[in-house]
Each structure stands twice: as C-alpha cells, then as structure tokens.
1. Only Lys, Arg, Asp and Glu count, each charged at its Cβ (+1, +1, -1, -1), so figure out the dipole size of the chain about its Cα centre, rounded to 20 debye.
2. Which of E91, E115 comes first, and how do the rest follow, when ranked by fewest Cβ neighbours within 10 Å?
3. Per-residue ellipticity at 222 nm for the chain, helices alone: DSSP H runs ≥ 4 residues times -39500 (n - 2.57), over residue total, nearest 500 deg cm²/dmol?
4. Restricting attention to the alpha-carbon atoms of segment 37-106, what are Rg (one decimal) and Dmax (integer), both in Å?
5. Of the labelled options [x] 1.12; [y] 1.03; [z] 1.20, which one gives Rg/Rh (Cα atoms, Kirkwood Rh) as computed for this structure?
6. How high is the relative contact order of segment 28-94, given as a whole-number percent (alpha carbon pairs under 8 Å, six or more residues apart)?
7. For a protection proxy built on the mean count of beta-carbon atoms within 10 angstrom, sort 76-84, 1-9 highest first, please.
Amino acid sequence: MPPQVKVMRHIRQVYACRHCERHEIKTPVVTAPMPRPVYPGSLASPSSMAYVMTQKYVDGLPLYRQEQQFARLGYTLSRQTMANWMMYGAEQWLSTLLAAMKAYLLRQEVLHADETTLQVLRE
C-alpha cells in the first residue's frame, strides 16, 4: 500500500436543553472537547511529526527531500513548516528524553565517547 496523507476532521457535538430554552431558564450548553493539538496553531498530528522527525534524524533524509516526497503524494508541506515542527518537537518532546539520558550517563562511573570528526561538506 503506498503512503497516504489524510486530513482528519473532528466534528464536535454541541448539546443544549430544549426544555430550558422553551421555558427561558438558563440553558446549559455542553460542547464536546477538541483533541489537544500536538503543535499549537498547526494541523500536525503526532504521527506526522514523528514521521518527519524519524525521516530526518534516523534515516538522514533532509527536509527539502521530504518536501519533494510530500509533493509527489499531492500534499504541499513546506520545509519551513517541517523545520518549525523539528524545533518544537526538540523542545517539547525530546528535552525530557535528553534530560533522562543525561541523568543516566552522569550516574555511571566511566564514560566512553567516540569524538572522531566527520566532514559533512567539502569546504
């Protein structure tokens, strides 16, 4: 099955007491809660943010190539938007993981790190 981009539509029901409306009593209006967005002000779902982050950091796929992949699927998603997702995800999601890893490493008696340099771009 090829990858798909779906738009999730959340329908919120609003309920009111008709008896209270007819008799001019204070009408309680109850609205179903909206699911909390993973990134405020964005249409990003947790799975779409996790997918973009995995593609970038685990598979090493740059954002401009991901932008092209989404375009081939018929979905316009700019690399600026994905970059904003990466910054927000690093601050909100990964900072907790980083703090836990740091605390674990600091409890160890001996640490070993490979600090071999790696040239990424030819300058």
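Where a number appears in this text, it was derived from the coordinates with a stated rule and is not lab data. It should be emphasised that the depicted structure is a prediction, and the values quoted were computed from it without experimental measurement. Glycine gets a Cβ as well: all are built from the backbone with ideal geometry, and neighbour counts include every protein chain shown.
1. 680
2. E115, E91
3. -12000 deg cm²/dmol
4. Radius of gyration, then largest Cα-Cα span, for segment 37-106: 13.5, 47 Å.
5. It is the one labelled [z].
6. For segment 28-94, the relative contact order is 24 percent.
7. With the highest mean Cβ count within 10 Å placed first, the list reads 76-84, 1-9.
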